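The values are calculated or read from the model by the stated rules, or taken from the named source; none is laboratory data. Predicted model only: the values in this text are computed from it and were never measured. Cβ: placed from backbone, ideal geometry, glycine included. Neighbour counts: every protein chain shown. Heads up: the accessible areas ignore ligands, DNA and RNA and are worked out on the full protein's heavy atoms, side chains in. Shrake-Rupley method; radii C 1.70, N 1.55, O 1.52, S 1.80 Å.
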Amino acid sequence: MKKNTLVIISFIFSLILASCGEKNNTTSNDSEETIAETSAVASYDLSEKGIPTIIEGPREATIGEGMGAGEIDGVKTISLGITKDKFKLEINMDSAPSERTLDELVAFHKELSQEEEGFELIKEDSNGFIYKTTEDGETSHNFNYVKMNEKGDALEMTTGFSLVNYTLEEVEKMYEAAKKATWK
């Protein structure tokens, strides 16, 4: 129960910080340049940092601690972010198998996301979904994606914290990287 509380608190904290974001001042030309800069792909093995996965991201991305790290009742949540320009992918994993099924985890993240102002589901599959929010005339796209292994370990991946709004194209790149993540 406390593990679920940590997940909820971490997610709510991320939402609060995201809602404080500044306006997206990029023009479509700026977005195209940023996307082009992140089109060169590299594989990152996160095993040495505590998450047994290999995931793709832009070349020369920074790997650092994400927002979801913490510990409750001896269960640690490891949170890493892969960041370069407007590619900000956060990967979270608990040190113990999930008490929820894949379907339950996806439904949990969808329920939390639906509470955001102006929520609109854009795309979904069995492991996750892309959505947009609109608040005060500002639109941003986000996603949640869950990958689970046979032991019940879950990789919970989402848009990393940013003070700018993401376009659908930017989020689709992160979503595809999440889908291609492999267990090690």
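Side notes on the structure shown:
- As for the range 36-49, it holds no residue that is modelled with pLDDT of 50 or more, in contact with a helix residue (DSSP H, G or I) (Cβ under 8 Å, 6 or more places away or on another chain) and under 17 Å from TRP183 (Cα atoms).
- Leading residue by the ranking (surrounded by the most Cβ atoms within 10 Å (Cβ to Cβ)) among those in the range 64-93 that are assigned to a loop (DSSP other than H, G, I, E, B) and without any contact (Cβ under 8 Å) to a residue 24 or more places away in the chain: ALA69
- Residues in the range 94-120 that are open to solvent by less than 50 Å² (accessible area, probe 1.4 Å) and more than 23 Å from HIS141 (Cα to Cα): ASP94, ALA96, SER98.
- Condition met for GLU150 (assigned to a loop (DSSP other than H, G, I, E, B) and either among the acidic types (Asp, Glu) or closer than 16 Å to ILE55 by Cα (or both)): yes
- Matching option when the condition is touching a residue at least 40 places away in the same chain (Cβ under 8 Å), hydroxyl-bearing (Ser, Thr, Tyr), buried (at least 22 other Cβ atoms within 10 Å of the Cβ) and closer than 24 Å to ILE51 by Cα, among TYR166, TYR175, TYR145: TYR175
- Count of the range 97-120 residues which are farther than 28 Å from ALA61 by Cβ and of a type outside the set (Phe, Trp, Tyr): 13
- Condition check for GLY64: touching a strand residue (DSSP E or B) at 6+ places or on another chain (Cβ under 9 Å) and at positive phi: no
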